[in-house]
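Here the structure comes first, spelled out in structure tokens, and everything after it is commentary.
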Amino acid sequence: MRLRRTARAPRATATSYPSATRRGFLRLVGSTATLATLAQLRALPAAAAARVEGAARFFNTTETEILRQVMERMVDTGLADAPRVRDTRAVASVDALCAGLDPRATDLLPLLLRAFEYGPILFDLRFSRFTRLSDAEQDESLAGWMKSRIGLRRTAFLAMRNLCFVGWYSQQETWPLIGYEGPLLGKEPPA
Amino acid sequence: MIEKLLEGGGDLVERADVCVIGSGAGGAVAAAELAAAGRSVVVLEQGPYWTNADFTQREDQMLPRLFEDAGMRQTADGAVTILQGRNVGGSTVHNLCYAFRTPGPIVDLWREEHGLDGFTREALEPSFARVEANLRVKPIREDEVSPLNRRIRTGAEKLGYSGFVTRHNRENCVKAGYCMLGCTYGAKQSMLVTYVPRAAAAGARIYADARAERIEAEGGGVRRVLGSVVDSAGRVHGSVEVRARVVVLAAGAVNSPDLWLRSGLANGSGQVGRNLHLHPSVTVAGVWDEPLHAYRGIPQSYYIDEFIDLERNPHSGYVLMPISGFPVLTALTLPGFGRRHFEQMRDYTGIGGLLVLLHDRSAGSVVPGSGVGRPEIRYALTPHDRRLLAEGVRHCAEVLFAAGARRIVAPTLPGPLVLERGDDLGALPSEIVAGEAPIASTHPQSTCRMGGDPRTSVVDAFGESHEVPGLFVADMSVFPTSLGAPPQITTAALADRSAQRILARWPELAG
């Protein structure tokens, strides 16, 4: 028996934000690295389709530009006629994904992006941020993360890589590049 | 009635005979059986209510809609990704429809080593029969075996490995391959299209977006369930209160013990949240020269059981299962970045995978974490299980090559190891170590285990709490050990059995 159903305005959830501890960082990378284990060809995240519309909501302008440049290198095809990240909604897609998730799962992502931006200064002794490097230098910087002897740095690379792949390969412009025909909705199913 | 609480806004106050928490393979079955027998039932599902029309076949839209924490739930050390459904119908909406009964030796093991008197294959038969009829379980026809599964079978047969084509719960499958993203065609006989509507038709009130946060009990038993109306980002939009004589906890082996412990319910055995098994799995990708389109057709129809012998050893072993992925998931599997990675993605139509799924002895735990809905999951592989997983990876590679794969991509981090046909498989790791290989789990279990002794177990052979009158558990939490097989049918059958027990005991429970 239903007793009562009252209308009430939504309220913010009581959320405790973790500090930038090692464990918090692991959780963050774990989050996106989930995506890695989706390397297991299983699942991963995202946000409602409607949220892909519009300007950045999770990352600020600076972070969005770092993400775009990192993604350009992560998904570089080497093909002259292939779309670039900037031609697609890949970055907006990642932004929407993050905006739609529990903040406790994504709160360290901006920090991770800043780490990539200042990685060349911190780890490579270059006097330039990531977004000011050439394509080849950016690749070198990313390879430094991937091959680092510091496990946490490798994990961070994996997290960023996976986030980029989620954004990129969910764009239908990328599917012809790999031979994927796309969803069958509205088409005759194979059977 | 199925209601999306987020659409209405506000608070919910309900009263029922039974409150079921969770609507997956356990909760939906319990709700339908109880409602059909005339009990008033309220179901609280923290996830949204989607229908077949909402399944767009796009990874960016569907994976977040269907998975707990949007697919990002992890063990505390980040080593294992735990994938569980978070929607009406639970994990049955995204699972791949293997339909196995509880292996006989496991039934015997649970009865003999865990004191479950009367827990026999014969006693379970009626529940299996009902569940299989309702889920339309049937053998997969030969013409339904996909090209990837056929090749895997060929590889296994060349090597002399035991395997078979399985049963599944699909009806009029169109072989589109999008099972993991929700079935647009209504062919998958998930809880969403079977037991959930059956429960609703029998009068159960099913509420989506309703997260149970506390079960209150007094000396005489459970009294009410409190919670919140929540969205996918965890924002609270209202409160939930359900008064009920009986509570069926079916939120899964992570959320159920979390809720139990957060509620401060009796835990005299100390076993709530302990004994966590995961069926950890690791995938090896194979690349063929010709297009396979492995992502089309029934994803999993063949099953290699060469490396598990439950009659001889019910505690250990592993199975191999084909697996495929759409572009995002495939990209995540392949090594490197930039042009090197893209060169491999260009082989996308020729890629298919084989995973090793471990019948694990490793045991972890679930404890309340940083906040409501954020349980902490602790799990570490034993050295024995690490070696077995690595052995499974080698066998995956062996089978993939025998099946005609030109190269294989083994799961090592940060970049998987690539081996060409003819390469020495000795290059593969001798142990799968947490953090050095991506490990996934879709079958967390055993955190509220059944047993005859209240000192060493949480619930009895019917899922009823030893200590809290009126509280039942009806999900994979109750498995006394790792199951060693896909768990959908076992979970549903045990929930059916719990429901029959509640009905039989109703006068006493309602008193």
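A short reminder: the numbers here are calculations on the coordinates, not readings from a lab. Worth saying up front: this structure is predicted, and the values here are computed from it rather than measured. Here the Cβ positions follow ideal geometry from the backbone for every residue, glycine too, while neighbour counts run over all protein chains shown.
Sorting B:I215, A:I150, B:I21 from the fewest to the most surrounding beta carbons within 10 angstrom yields A:I150, B:I215, B:I21. Counting, for every residue in B:342-350, the Cβ atoms of other protein chains within 10 Å of its Cβ and taking the mean gives 5. Summarise the long-distance tail of P(r) for the range B:320-469 by giving the % of C-alpha pairs beyond 20 Å. Every Cα pair in the range B:320-469 considered, those over 20 Å come to 60 percent. Listing A:L185, B:L63, B:L109 from fewest to most neighbouring C-beta atoms within 10 Å gives A:L185, B:L109, B:L63. Residue ranges B:151-161, B:458-468 sort as B:458-468, B:151-161 when ordered by packing (mean number of other C-beta atoms within 10 Å per residue, highest first). Potential lengthening of the chain between A:A143 and A:E65 amounts to 26.1 nm, from the contour at 0.36 nm per residue minus the alpha-carbon distance. Summarising the amide proton neighbourhood of B:K188: residues at separation of 5 or more, or on other chains, whose placed amide H is nearer than 5 Å comprise B:E171.
Only the Cβ atoms of Lys and Arg (+1) and of Asp and Glu (-1) were treated as charged; on that basis the dipole of the protein assembly as shown about its Cα centre amounts to roughly 1120 debye. Take B:333-339, B:317-323, B:80-86 and order them by the average number of nearby Cβ atoms within 10 Å per residue, most first; the result is B:80-86, B:317-323, B:333-339.
Per-residue mean of foreign Cβ neighbours for B:368-374 is 4 (Cβ atoms of other chains, 10 Å radius). Report summary: the helix-based calculation at 222 nm, which adds -39500 (n - 2.57) for every DSSP H run with n ≥ 4 and divides by the residues of the protein assembly as shown, gives -9500 deg cm²/dmol. Residue by residue along A:75-81, Cβ atoms of other protein chains within 10 Å of the local Cβ number 4 on average.
Applying the Karplus relation 6.51 cos²θ - 1.76 cosθ + 1.60 with θ = phi - 60° to the range B:359-365 yields 3J(HN,Hα) values of 7, 8, 9, 4, 10, x, 8 Hz, where x marks Gly and Pro. Straight-line reach from B:K175: taking Cα to Cα under 24 Å and skipping same-chain neighbours fewer than 8 places apart, the lysines in range are A:K187, B:K138, B:K188.
For the pair B:R312 and B:A380 in one chain, pulling the backbone fully straight at 0.36 nm per residue adds 21.9 nm over the alpha carbon distance. Mean projected area of the Cα convex hull of the protein assembly as shown, taken over all directions, amounts to 28.1 nm². Along the range B:288-302 the Karplus relation, 6.51 cos²θ - 1.76 cosθ + 1.60 evaluated at θ = phi - 60°, assigns HN-Hα couplings of 9, 6, 9, x, 9, 6, 4, 6, 9, x, 5, x, 10, 10, 10 Hz to successive residues, with x for each Gly and Pro.
Given +1 at the Cβ of Lys and Arg, -1 at the Cβ of Asp and Glu and no other charges, the dipole of the range A:45-176 around its Cα centre is 420 debye to the nearest 20. Placing a pseudo-label 7 Å from each Cα along the Cα-to-Cβ vector at B:E290 and B:R406 gives an inter-label distance of 1.4 nm. Between the range B:201-242 and the range B:339-401, the alpha-carbon centres lie 34 Å apart.
In order along the range B:211-223, the Karplus-derived 3J(HN,Hα) couplings, from 6.51 cos²θ - 1.76 cosθ + 1.60 at θ = phi - 60°, round to 8, 6, 10, 7, 10, 9, 9, 10, x, x, x, 5, 10 Hz, and Gly and Pro are given as x. Working from the Cα coordinates of chain B, the gyration tensor eigenvalues give, after taking √(5λ), semi-axes of 37, 24, 21 Å in decreasing order. Residues whose amide H lies under 5 Å from that of B:I298, counting only those 5 or more places away or on a different chain, are B:S146; hydrogens are built 1.01 Å from N in the peptide plane.
Available extension along the chain between A:D124 and A:Q172 is 13.7 nm, counting 0.36 nm per residue and deducting the alpha carbon span. Shown here are the Rg and Dmax of the Cα trace of the range A:45-176, at 14.4, 42 Å. For the range A:77-123, which chymotrypsin sites (Phe, Trp or Tyr not before Pro) pass both filters: DSSP loop (anything but H, G, I, E, B) and at most 14 other C-beta atoms within 10 Å? Sparse-neighbourhood loop chymotrypsin sites (Phe, Trp or Tyr not before Pro): A:Y118. Under 5 Å from the amide H of B:S239 lie the amide H atoms of B:D11, B:L12, B:V229, each residue being 5 or more positions distant or on a separate chain, with H modelled from the backbone and absent for Pro and chain starts. Per-residue Cβ neighbour counts within 10 Å put B:E311, B:E59, B:E376 in the sequence B:E311, B:E376, B:E59, beginning with the fewest.
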